[in-house]
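The values are calculated or read from the model by the stated rules, or taken from the named source; none is laboratory data. This structure is a prediction, so every number in the text was calculated from the model and none was measured. When we count neighbours, we look across all protein chains shown, and the Cβ atoms used for this are built from the backbone with ideal geometry, even at glycine.
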Amino acid sequence: MKKVLSIILITCLVFTMVACQSGEEKELTKVEKIQKKGKLVIGTSAAYPPYEFHKEIDGKDTIVGFDIDIAKEIANDLGVELEIKDMQFAGLLAALNAKKIDIVIAGMTPTEDRKKSVDFSKVYYTAKQGVVVSKEKADEIKTKKDLEDKKIGVQKGTTQEKIAKENFKEAKIVGLGKISDIMLQVMQKKIDAVIAEKPVAESYAKKNDSIVLSNIALNTGDSGSAVAIKKGNESLVKAVNETLDKLKENGKIAEFVTKATEMNN
Ligand code: ARG
């Protein structure tokens, strides 16, 4: 009996020791885990020029934009490669919390609602909201009031969706997963207007003759962009903020924005 007991005891002890050891390994910070993996996996939604968009470079489909340049700097400062996962905007935070990606960089606004489920870096860029209307209707839709009984397109899961619903109670709000599809709808006159961050609205209007950037101003305040990180990864929040601080100070962010805007022309 005694022998059996001591065997059980010893077995338990060994298990605890092993458990402790692997426990120690789990104590790696998120930054160390990324460095061990050798790559930073970002999630984005790349139809949002100049933030992130697809462009053919040397015959190859490439994701570019100022968010991507910032992500490259973050990866560089961590000493790892960059991997980009392009997905629907509405699915980004779920992918982050499921650990499919390490960070989200997608012109994402750090709202109070989102802060309940993820952490955010500092804001690295701010923009106003812009409204795109079909050229044919530009004379008809000139003020915020003109939009009230119209069909307004927004990207699903964005702050613009909320803005549209709150500001235009009588309008029909059309939400789609991809902003490029919504822009197509306004070009085809299936809807009357699209709300997006102003630089994005401007980019699409510049490239497509059938739509224009309207003068309508939505007084919703500036909408900032920040990097989203899964909760409990303070090391990564700190590292991202350090890179962002550096890029703000040396004027690189402004430079990336100009470069991305030109690339989209
Ligand atoms: N700033 C808005 C938000 O956070 C829209 C961002 C859309 N970004 C994108 N890559 N499609 O909801």
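Before moving on, here are some points about what is shown:
- Among the residues of region 143-160, the one identified as within 16 Å of the ligand (Cβ to nearest atom), assigned to a loop (DSSP other than H, G, I, E, B) and of a type in the set (S, T, N, Q) is Thr158.
- Of the strands (runs of 3 or more DSSP E) lying entirely inside region 172-263, those containing at least 1 residues that are in contact (Cβ under 8 Å) with a residue 60 or more places away in the chain and within 16 Å of the ligand (Cβ to nearest atom) span 193-197, 223-230.
- Meets criteria (surrounded by fewer than 16 Cβ atoms within 10 Å (Cβ to Cβ), within 30 Å of Val237 (Cβ to Cβ), modelled with pLDDT of 95 or more and out of contact with any Gly (no Cβ under 9 Å at 6 or more places or on another chain)) for Lys172: no
- Among residues of region 161-171 being part of a helix (DSSP H, G or I) and more than 12 Å from the ligand (Cβ to nearest atom), the one that is farthest from Thr220 (Cα to Cα) is Lys165.
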